[in-house]
1. Only four residue types carry charge here, +1 at the Cβ of Lys and Arg and -1 at the Cβ of Asp and Glu. Report the dipole size of the chain about the Cα centre in Debye, rounded to the nearest 20.
2. On average, how much area does the Cα convex hull of the stretch 12-138 cover when viewed from any direction, in nm²?
3. Figure the gain on full extension for His74 and Gln141 (residue separation times 0.36 nm, minus the Cα-Cα span) and round it to one decimal in nm.
4. Would you mind getting the accessible area per residue of the chain, heavy atoms of the protein chains only, 1.4 Å probe, in Å²?
5. Pull up the DSSP beta bridges for the chain and report the antiparallel fraction as a percent, rounded to 5.
6. Tell me which residues come under 5 Å, amide H to amide H, from Glu115 once H is placed; ignore anything under 5 positions away on its chain.
7. Roughly how tilted is helix 22-33, in degrees to the nearest 10 and between 0 and 90, from the longest Cα axis of the chain?
8. For every other residue with a beta carbon closer than 12 angstrom to the beta carbon of Leu95, add +1 if it is Lys or Arg and -1 if Asp or Glu, then tell me the sum.
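The values are calculated or read from the model by the stated rules, or taken from the named source; none is laboratory data. Please read these numbers as outputs of a predicted model, since none were measured by experiment. Using ideal geometry, Cβ is built from the backbone for each residue, glycine included, and neighbour counts are taken over all protein chains shown. Note: areas computed on protein heavy atoms with side chains; ligands, DNA, RNA excluded. Shrake-Rupley method; radii C 1.70, N 1.55, O 1.52, S 1.80 Å.
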Amino acid sequence: MNENTDKVEQIIEKYKNEGGTVIGLLQDVSSIYRHLPEDVLERLSDELGIPLAKLFTLSTFYKSFRLEPLGEHHICVCVGTACHVNGAQKLVDTLERDFHIKAGETTSDKKFTLETVNCLGACAMGPLVIVDGEYHGKMDQKKMQSSLKKLETAENDTA
Ligand code: FES
């Protein structure tokens, strides 16, 4: 049994004993895996008697949940109006081209997941890009390349 399986075990016990919302349950699982693995959803369904269809419906309805695992690095470009007029779409186009994926997808080597979002509430900093949870305002092609290079260098240093 690995560490994540133990955590799922604890979550199941918690919901059996204390109850809770299905959304809360999914959030707990998502915080462990950063996505909702199909086999875990099946297990929750079996152990807690929640129809699997309900779990899948909720997992796909809420944008904060994902069924597919995130890549090693998560890049999220704000394409809200203020960021859009400052060139966000060009950043998305370049990343899609360089990564050979569309926004919402993960590269085949599982290194990068590219996503877009509509307004992060810091419009004056647009275009805004979040790289692995770190906010980068006034992003442009040059800064984007430099951020990606830093990720690469950090990876090589730890290899
Ligand atoms: S439009 Fe990008 S932060 Fe508001």
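1. 760
2. Averaged projected hull area, Cα only: 8.7 nm².
3. Length gained, His74 through Gln141: 22.4 nm.
4. 59
5. Just about 55 percent of them are antiparallel.
6. Counting only residues 5 or more places away or on other chains, the set is Ile75, Cys76, Val77, Gly104.
7. 60
8. -2
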